[in-house]
Amino acid sequence: MDGESGENPTLFPEKVGEKLRDARIAQGLELSDVAARTRVPLRHLQAIENSDYSGLPSPTYAVGFVKAYARAVGADEVALARELRSETESLFAAREVYESYDPQDPVREPPSGLAWAGAVIAALIVVAVGIWYGTDLFRGSGGEPEPAPTETPAAAGPAASPSPTPAPANGGQVTLTATQPVWLRIYDASGQRLFEKEMAVGERYDVPANANGPMINLGRPEAIRVTINGSDVAPLGQPGRAIKDVPISAEALRARGTAGAGAPNAGAAPRPAAPAASGPTRGTDPAFQPAFEPEPSAGNATIP
């Protein structure tokens, strides 16, 4: 009888879960203590002790949980892992056959109609982007508006200055526009410099309206067009003759234009006196008398 009872353990060998439970009890540990040490969920540890591996996700997880449990209770993790593989070989083999990947599974692969629709939409987007950036189809047939034509500066040379145009009577914006490359200097009554440079053709300068008696120093007056609020005024001087300290405020330019219009020959040289006509003189013909006699100057009395 003793011999037969000694052979009973070999007839009914302990399973991996039973060995782990015996090792845990031998150390006086609760299953929750093992869960805290291994960080394995308590339900999985209970399933291992009950040899119920159906709730475990895969053989890899089962072997890993068993090794962690064995380390926590001081058992041989390598031997227990080997025994577990032999215990669960038939269980997990059947599960793998049942859960084989099916390429026709609608959860893993989208419907063919949806895939075609996505491809068509992507192609349309690419075509639309190409048309937008490659053509003017969606930007209108007019294209970009042409820039407004700018005023062509007068050609270099002694061209005739534009005729003055009446300007507003009070105040106004004085603008100097270069018709030829020319150097000039603008300063106020106190000598403070307001503007000084060589202006290019077409370049303009607006004289500050609040400037204190602005004046100009200019080498070639014919190279500057002067306007008040866009209306031309008389030139600043004669062509080819430099000018200096010429007032260029709106009031001064209007006064200059008015004086020039009222006295066109004001700047001309005085005309020489006409020679006396031949004939009797004052000394020879007493009938020839001037309309008036000049008064004698002081200290220069006439001789009787």
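The values are calculated or read from the model by the stated rules, or taken from the named source; none is laboratory data. Remember, it's a predicted structure, so these values are computed and weren't measured experimentally. Cβ atoms come from the backbone with ideal geometry, glycine included; neighbour counts cover every protein chain shown.
Numbers for the structure displayed
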| read-out | value |
| --- | --- |
| Which numbered condition A94 fails, given (1) modelled with pLDDT of 75 or more; (2) more than 30 Å from R24 (Cα to Cα); (3) surrounded by 10 or more Cβ atoms within 10 Å (Cβ to Cβ) | (1) |
| The range 124-140 residues that are at pLDDT below 80 and surrounded by 10 or more Cβ atoms within 10 Å (Cβ to Cβ), paired with ones that are part of a helix (DSSP H, G or I) and not aliphatic (A, V, I, L, M) (beta carbon under 9 Å, 6 or more apart) | R139/W132 |
| Tally of residues being under 16 Å from L194 (Cβ atoms) and either among the hydrophobic types (A, V, I, L, M, F, W, C) or not assigned by TED's automatic domain parsing to the domain that holds G202 (or both) across the range 216-235 | 4 |
| Some residue of the range 42-49 being within 60 Å of the chain's Cα centre (by Cα) and at pLDDT 90 or above | no |
| Residue that is surrounded by the fewest Cβ atoms within 10 Å (Cβ to Cβ), among those in the range 174-208 that are assigned to a loop (DSSP other than H, G, I, E, B) and under 34 Å from the mean Cα position of the chain (by Cα) | A200 |
| Residues located in the range 1-35, provided they are farther than 22 Å from A81 by Cβ, at pLDDT 65 or above and not charged (D, E, K, R) | G28, S32 |
